[in-house]
């Protein structure tokens, strides 16, 4: 029968000729409890592979022991575990773009680092975009800067932070066709009909729209003047 280490007894591994001695058998049984407790306790020395199982107090102690950059006890336990879990790897590549990006993504769930030569900035400058924290206050901005300063190299300078905000809304579109005909009747030998056909469209998106009459296009056969024109003017003003 196969047994695991935690439930293994000395009686299971001692030779049969030794177990015939009652004193040896009694000593083995007396040691079983102590050996099994020590065996169960050895799993506690496994930290990295068991970070997701460790209690909060142990996670905080490991953060101190491993010098985790930007460790804030106000963060959720899940994020603190992620910081501890990745700290050794981050120390190995500290000062690189990847380290800054991963740290920001761990704390704020998103973020992208753009270096100076990618947007025409000054040498050794960079910016961070796509931060999607649900609510940004002054303390959050200070936290972002502390996170970045803890892993960036000394020569690099942060130019700007960009945040994403998602909003939902409705847009309404409408068309108002208008048809107008004008007839003139005169006393002539051969009656002829002439007129103008006006066709216009107005598109509104809760903005200022203007319909303008353009030059007529004549139909030589029916002698009709057809006016078709649509002009849409949209004005937006943003204030930050």
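Read-outs throughout are calculated quantities, based only on the coordinates presented, and are distinct from any laboratory measurement. Here the structure is a predicted model, which is why all the values come from computation and not from measurement. Here Cβ is always computed from backbone atoms with ideal geometry, including for glycine, and neighbour counts include all displayed protein chains.
When the Kirkwood hydrodynamic radius is evaluated over all pairs of different C-alpha atoms of segment 93-168, what value in angstrom, to one decimal, is obtained? Intermediate values should be presented prior to the final figure.
Values: mean 1/r = 0.0789 Å⁻¹.
Taking the inverse mean of 1/r over all distinct Cα pairs, segment 93-168 comes out at 12.7 Å.
With an 8 Å cut-off on Cα pairs and a minimum separation of 6 or more residues, tell me the relative contact order of segment 93-168 in percent. Show your work: numbers first, answer last.
Working: 104 pairs, mean separation 28.1, N = 76.
Once divided by the residue count of segment 93-168, the mean separation gives 37 percent.
Within segment 93-168, what percent of beta bridges assigned by DSSP are antiparallel, to the nearest 5?
Numbers: 4 of 10 bridges.
Once the DSSP bridges in segment 93-168 are tallied, antiparallel ones form about 40 percent.
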* **Taking segment 88-134 and dividing mean pair separation by its residue count, relative contact order in percent (alpha carbons under 8 Å, at least six apart)** => 30
* Asked: What Kirkwood radius, in Å to one decimal, follows from the Cα pairs of segment 1-117?
  -> 18.1
* Asked: Where the centroid of each part is defined by its Cα atoms, how far is segment 1-49 from segment 74-151 in Å?
  -> 49
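At a Förster radius of 30 Å, what calculated FRET efficiency corresponds to the Cβ-Cβ distance of residue 48 and residue 116, to the nearest 0.05? If you can, show how the numbers build up before the last one.
Working: r = 36 Å, r/R0 = 1.20.
In this case the efficiency is close to 0.25.
Order of 105-111, 54-60 by packing, highest average Cβ count within 10 Å first?
Working: 105-111: 17.9, 54-60: 14.1.
Answer by packing, highest mean first, reads 105-111, 54-60.
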